[in-house]
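Working notes, structure below.
The numbers here are math on the coordinates, done by the rules we state, and not lab data. Owing to the predicted nature of the structure, the values given are computational and were not obtained by experimental measurement. Note that each Cβ is placed from the backbone with ideal geometry, even for glycine, and that neighbours are counted across all protein chains shown.
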Amino acid sequence: MGSFVAQRLVSLSATLFAASIVIFVVMEVLPGDPAAYMLGLNADPAAVAALSEQLGLNEPVLQRYLNWVGGFFVGDFGLSYTYRVPVRELIADRLWVSVPLALMALALAIIIAFPVGIIAAAKRNSVVDAMIMGATQLGIAIPNFWFAMLLVLAFSVGLRWFSAGGFPGWDAGILIGMRSLILPAVALALPQASILARVMRSALLDTLHEDFIRTARAKGLSSGQAIRHHAVRNALIPVMTIIGLQFSFLLAGAIIIENVFFLPGLGRLIFQAIAQRDLIVVKSVVLLLVAAVVIVNFTVDLAYAAIDPRLRRRAP
Amino acid sequence: MSLLQVDKLNLTIGRVPILRQVSLTLGQGEALGIVGESGSGKSLTALSIMRLLPHGSTVSGRIALDGEELSALSEAEMCERRGRAMGMIFQEPMSALNPLKTIGDQVAEAVRVHGYVSPREAYDLAQETLNRVGLPATRFPLSRYPHELSGGQRQRVVIAMAIVLKPKLVIADEPTTALDVTTQARILDLLKRLVAEDGSSLILISHDLAIVAEMADRIAIMKDGAVVESGETVSLFRAMQHPYSRMLRAASTYVSRRQRRLQASEGHDAPILDAKGVVQEYRQGPRQLFRRSASFRAVDDVGFTIRRGENVGLVGESGSGKSTLARVVLALDAPKAGTVILDGADLLESRGPERQALRRHIQAVFQDPYGSFNPRHKVARLVAEPFHLDEGKLSGAERRQRVEEALVAVGMQASDADKYPHEFSGGQRQRLAIARALITQPSLIVLDEAVSALDVSIRAQILDLLADLSDRLNVSYLFISHDLTVVRAITDRVVIMQDGRIVEQGETEEVFANPAHPYTQSLLAATPNLERALAARQAGLEAQ
């Protein structure tokens, strides 16, 4: 197990290193002056020169790269060009919204998808299965901004259970903060839960054909017991893969939902930074997202090993 | 009183009738062998008794176990019977165990699901039973996972799960078919001992007449979903009534008649294949980042020759290195050391077009013909595949003609060229694979377990075909198999491998009659033999 983790950690670091090089090269080394780009077409040459100086663009390439990456290790991401605040604070504020939102949405998706997928597989080719498959098809097909608007109409405008949008901040209290994230989390969870339920169902159906399920039945386990005790854990491997992908997506891909609910999330930050040509913010957020994806994949790998003993071979 | 009574059992799956009027009886402590080829319904008979049939099955007839009508029981009541009153052992030990659970958990589960015993008691019983099946706690603690065990050891775990509650009826469905002969002999001995100790009755399902004759007091022979003949083992074999039974028996010990066997004095010309000092190693265990990982020597300094027109058998158990050696000979893998001279040219040193030309002289037929055919291509294209090794490009008409000739040579129709592989049976597909190997007019064909997956009657036909082709075309075979009976039937000379080394080689008849090496002796002793089994059983009957 120890060597497995070490091996994964090495590959994680290597991926991050490669990603940082690619981002840096695309943003700063390829032809085209970043400073000129940031200031737009009709910029004053003197202003461009001043910005270049401020961005350190006149230093050698290697030096700039080391400054940038080195900054990451000490938590210095530079100063946002448009907001005039440290990028670190910007990102930290947004993460406090995006991470809890993504976690809530994912938890919701898992809570819904697991039982639904298991029931569909256990009652395969029945009316129940057909209904579940139809519902999940619908869940994937419905655009989530539209579903979000329906939620607002029903629960904010109609029932007045939740506010229609905005985020009061965690200072107002954890429950109040979570309450304002519930509707967005539901809107984000619907398609994810639908996908996850379908993956769970098909992964389970695959394992139900395995010989060891028949062995379990021959021991006297009922069909349901065989599914619960033997099939589900074997089906978790493909399901974990999808969950990993979904979390990465939810972290930065919630931009439309963030807009519908006026949430200050990471998706909106990167969208605004791109629109305002704030390359300092873009560069750092992108590297951060890459790091998030890589770390999530690392966690998924660890989860695989926890599920499947064949993956945690002992070091000789 | 009989323990199990199956009366006029009929089974249909969907609309397809599978079993017709199957009746069987099994006495207390008795062993019943069910024999038949694939599709005869022997496995589904067993699954009907367990009521573990696939979806869409309809069953009629009655099944009574220990005086209790099983067909009247609810599914929940059947769950109580399974594992407690009747246990089942399956064919594939590799996939019959849940890879994510320890062997202790899986054996203990068979106990816990049936009653309110404490976890402690369940694990104690699991440990005791694993000891009984030859997996002592000192070497095989309950915390082992299936992937840490060999095939034979996994089958012992499966047996432990089936017998842990000492069921009155044990059903074993081809329990040793996936295992090596020496492992098979040990597992069969174990099974015999366990049912005797527990006073259980045994149903043994097998395609192998010799195994059944060794294990079973009574035998039922099945064909196309019906029992064609049944009775006490010795008298059934001594006077077989049904033509199918007689055919099955003849095919199981079939020796193809060859026009001539190559004599030792013949063939002084250069050998067609000359392998010298072949060494092959594989990395063992996970890749290490900063260390050289341990390597495993799969083939260790192996040399042998094949003369023109000679059939050489390569025999060994799994892990002996025979398939690794075959891959080297076929130039699919480069060995760590050694040379392979094919038709006077160095195969391993050859490159590019030269190797392509050499490859025409050596072709291969593998165990699973379906896996080696692209299902989307027609036979004409599949059989013509090795033509890309040809230097001179053939015209379409010539190519077609060669394909048709090859098809006819293996006993198929020229018109079969326009069909798809799924339209053929297993035996026919193996004929197609042989046609594909013949099309470049090779001097050597490597047959890697080429008849192992076939039923005995089909196997006899394919062996005849191979013998006939060898006579007519003077082609040599390297015949790789774990099945000594088949090797004896078709080869002139035999090479025995163990742990990557050749332990014995010589004229086939000589090696089989007077095996010199202890390993060869143990292989021969472990190989089931119908006559030997019948004689032993007869002696046992007379002694009583």
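Tell me which of A:25, B:196, A:116 sits at the most positive position along the dipole axis of the protein assembly as shown, charges placed on C-beta atoms (Lys, Arg +1; Asp, Glu -1). With unit charges placed on the Cβ atoms, the residue in question is A:116. In this simple spin-label model, placing a label point 7 Å from the Cα along the Cα-to-Cβ direction at both residue A:225 and residue B:525 gives a separation of 4.3 nm. Could you list the residues of segment A:221-238 with an amide nitrogen less than 18 Å from a label point located 7 Å from the Cα of residue B:117 in the Cα-to-C-beta direction? Correct set: A:221-222.
In chain B, the alpha-carbon atoms span a convex hull of 189 Å³ per residue. Computed extension length for residue B:283-residue B:75: 69.9 nm, one decimal, from 0.36 nm per residue of separation with the Cα-Cα distance subtracted. The packing ranking, built from the mean of other Cβ atoms within 10 Å per residue, places the peptides A:3-13, A:76-86 in the order A:76-86, A:3-13, highest first. Entry note: segment B:411-500 has Rg to Rh equal to 0.97, where both radii use alpha-carbon atoms and Rh is the Kirkwood radius.
Based on the Cβ-Cβ distance from residue B:235 to residue B:418, what FRET efficiency comes out when R0 is 51 Å, to the nearest 0.05? Between residue B:235 and residue B:418 the formula returns 0.50. Here the extension length gained between residue A:85 and residue A:271 equals 65.2 nm, from 0.36 nm per residue of separation less the Cα-Cα distance. When B:456, B:486 are arranged by Cβ crowding within 10 Å, least crowded first, meaning fewest neighbours, the order is B:456, B:486.
Against chain B, whose longest principal axis is taken from its Cα atoms, helix B:119-132 shows a tilt of about 50°. Rg ratio for segment A:90-311: its Cα radius of gyration over 2.2 N^0.38 Å, N being its residue count, equals 1.16.
The Cβ shell under 15 Å around residue A:303 holds other residues with a net charge of +2, Lys and Arg each +1, Asp and Glu each -1.
Going by neighbour counts of Cβ atoms within 10 Å, the residues B:517, B:114 line up, fewest first, as B:517, B:114. For A:280, A:176, B:205, the sequence from fewest to most other C-beta atoms within 10 Å is A:176, A:280, B:205. Relative protection proxy for B:424-433, B:151-160, from highest mean packing down: B:151-160, B:424-433 (other beta-carbon atoms within 10 angstrom). Per-residue mean of foreign Cβ neighbours for B:190-196 is 0 (Cβ atoms of other chains, 10 Å radius). Beyond 23 Å between alpha-carbons counts as too far, so tell me which of A:219/B:168; B:42/B:192; B:166/B:192; B:42/B:322; A:219/B:42 fall in that bin. As for pairs spanning more than 23 Å Cα to Cα, those are B:42/B:322. Both radii come from the Cα set of the protein assembly as shown: Rg as radius of gyration, Rh as Kirkwood radius; their ratio Rg/Rh reads 1.05. Cβ-Cβ distance of residue B:517 and residue B:538, R₀ of 25 Å, FRET efficiency by 1/(1 + (r/R0)^6): the value works out to about 0.20. Positive end of the dipole of segment B:2-252 (Cβ unit charges, origin at the Cα centre): among B:116, B:234, B:209, the Cα lying farthest that way belongs to B:209. What does a probe at residue A:131 reach in segment A:226-254, counting residues whose amide N is under 19 Å from the point 7 Å along Cα→Cβ? It comes to no residues whatsoever. For residue B:124 paired with residue B:441, estimate the spin-label separation in nm (one decimal), with each label point 7 Å from Cα along the Cα-to-Cβ line. Going from the residue B:124 label point to the residue B:441 one covers 7.7 nm. Based on a Kirkwood Rh over C-alpha pairs, give the Stokes-Einstein translational diffusion coefficient of segment A:195-234 at 10 °C and viscosity 1.306 mPa s in µm²/s. Once the numbers are plugged in, D ends up at 157 µm²/s. Along the positive direction of the dipole of chain B (beta-carbon charges: Lys, Arg +1; Asp, Glu -1; about the Cα centre), which of B:163, B:85, B:298 reaches farthest? The one lying farthest along the dipole's positive direction is B:298. Within the shell of other residues whose beta carbon sits under 14 angstrom from the beta carbon of residue B:416, the net charge comes to +3, with Lys and Arg scored +1 and Asp and Glu -1. Using a simple spin-label model with pseudo-atoms 7 Å out from Cα toward Cβ, residue A:233 and residue A:103 lie 2.7 nm apart. Within the protein assembly as shown, DSSP assigns beta bridges of which about 55% are antiparallel (rounded to the nearest 5). Other residues with beta-carbon under 12 Å from the beta-carbon of residue B:187 carry, at +1 per Lys or Arg and -1 per Asp or Glu, a net charge of +2.
Counts of other chain beta carbons within 10 angstrom of each beta carbon in peptide B:83-96 average 3.
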